[in-house]
Amino acid sequence: MSTKPKILVTHKLPETVQDYLNLHGDCTFWNQEGSMPRSVILDKVSDAEGILGGTIDEELLSCAPRLRVASTSSVGYNHFDLDAMRSHGVIGTHTPYVLDSTVADLVLALMLSAGRRIAELDAYVKQGKWQKGTSGTELFGVDVHHSTLGIIGMGRIGEAIAKRAVFGFDMNLLYHSRRPKKEVDERFHARFCELDELLCESDYIVVMTPLTPETKHLIGEEQFNLMKSSAIFINASRGATVDEQALIKALQQGKIRGAGLDVFDIEPTPVDNPLLSMPNVVTLPHIGSATARTRNDMAELAARNLVEALNGGQAYIVQELKDLVPN
Ligand SMILES: NC(=O)C1=CN([C@@H]2O[C@H](COP(=O)(O)OP(=O)(O)OC[C@H]3O[C@@H](n4cnc5c(N)ncnc54)[C@H](O)[C@@H]3O)[C@@H](O)[C@H]2O)C=CC1
Ligand SMILES: O=C(O)C(=O)CO
């Protein structure tokens, strides 16, 4: 009988990562597209000590008496019910750092695309609307360079965005976070400010906080009312950090100029979401970290985290559950 810990993996992993996990665990993999159906997870998790997969909640935990570690191949872990994990003594791990640059690249792409109307005007050309005699003013956008960027959530990804914006595009930087960061102020000539001030002064506003009870609907009607009517709003954090109905209203009423969104309240977002028919809104299907290299790095790190945490080694354990690990 195998003495290796039983591991359940609920979505497809690269072969090399599966090979690594097979060395260290007695593994059940899911090799189809999408993720293992919930009913199958609840059945197969009954004897697992480790799981590499998505949502961890009370229902799953109560089916998993032997579970010790849940690993997610993402930096965000709002799909972990932290209270339930604590009460079941289950540690959670995640994948910080390896995706920072990839996500930051995408945020700049959203800023450029929404500000300079790339997606909208690509359609304009392809639909034959570009004709002789247009004055061109109707094609004007908002400059990215030398504009003021306000980043809400100056963490790992926030800093990678700051680097691109300040050194690549000469942007002026404001930020709001849980605390000011002296190194950020110095490196990027940035200024920490309260949320309201950031909203009033920024030309581009990027939300990059984790989704927590405190950040749920951090940006709502009151906050959109403070923004410049020329502001471009970017959300690549989680859909629920923003009140989506308030965002729709702000765009419909011209309270802001445009938006770039990688995340939505419901994902996949329904096709009748009014945001999808607004030409001044760029929408993406949650692809912040979606490059082959970065997704591979995330999968490797998620697997390593799982093995290390099961064996009492070094792993990226989520902040809120670090105290569950014996020193
Ligand atoms: N669109 C996508 O594909 C991706 C989205 N994300 C999202 O980005 C989030 C951030 O990732 P990291 O930068 O690695 O996290 P991080 O923990 O390094 O940074 C988050 C920052 O937000 C700040 N923050 C937290 N609560 C706040 C509050 N109430 N008000 C103001 N600031 C607050 C923190 O102080 C911290 O500086 C993830 O949790 C995830 O939800 C991450 C990767 C890809
Ligand atoms: O890592 C995350 O939190 C994502 O959203 C996907 O990369």
For segment 100-283, which whole-number percentage of the solvent-accessible area (1.4 Å probe, protein heavy atoms only) is attributable to carbon and sulfur atoms?
53
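Just in segment 53-137: which trypsin sites (Lys or Arg not before Pro) are loop by DSSP and have at most 14 other Cβ atoms within 10 Å? Provide the component values of the computation, followed by the final result.
On the way: sites: Arg66, Arg68, Arg86, Arg116, Arg117, Lys126, Lys129, Lys132; in loops: Arg66, Arg68, Arg116, Arg117, Lys129, Lys132.
For trypsin sites (Lys or Arg not before Pro) across segment 53-137 that sit outside H, G, I, E and B with at most 14 neighbouring Cβ atoms in 10 Å, the list reads Arg66, Lys129, Lys132.
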Given a 1.4 angstrom probe, what's the average accessible area per residue across segment 100-283, in square angstrom?
49
Once you charge only the Cβ atoms, +1 for Lys and Arg and -1 for Asp and Glu, what is the size of the charge dipole of the chain about its Cα centre, to the nearest 20 debye?
600
Listed residue (Ser277, Val166, Gly239) projecting farthest to the positive dipole end of segment 100-283, Cβ model
Val166
As a quick test, which of the pairs Lys4/Lys322; Lys129/Lys249; Lys228/Lys255 have an alpha carbon distance above 18 angstrom in this structure?
Lys4/Lys322; Lys129/Lys249
Can you give me the C-alpha center-to-center distance between segment 245-291 and segment 100-138, rounded to a whole angstrom?
15
Nothing charged except the Cβ atoms of Lys and Arg (+1) and of Asp and Glu (-1): what's the magnitude of the dipole of segment 100-283 about its Cα centre? Round to the nearest 20 debye.
380
Relative contact order of the chain: what whole-number percent is it, with Cα pairs under 8 angstrom and at least 6 residues apart?
19
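The values are calculated or read from the model by the stated rules, or taken from the named source; none is laboratory data. Note that the coordinates shown come from a computational prediction; the quantities given were computed from them, not determined experimentally. As a convention, Cβ positions derive from the backbone with ideal geometry for all residues, glycine included, and neighbour counts pool all protein chains shown. The area values use the complete protein model at the heavy-atom level, side chains included, leaving out ligands, DNA and RNA. Shrake-Rupley method; radii C 1.70, N 1.55, O 1.52, S 1.80 Å.
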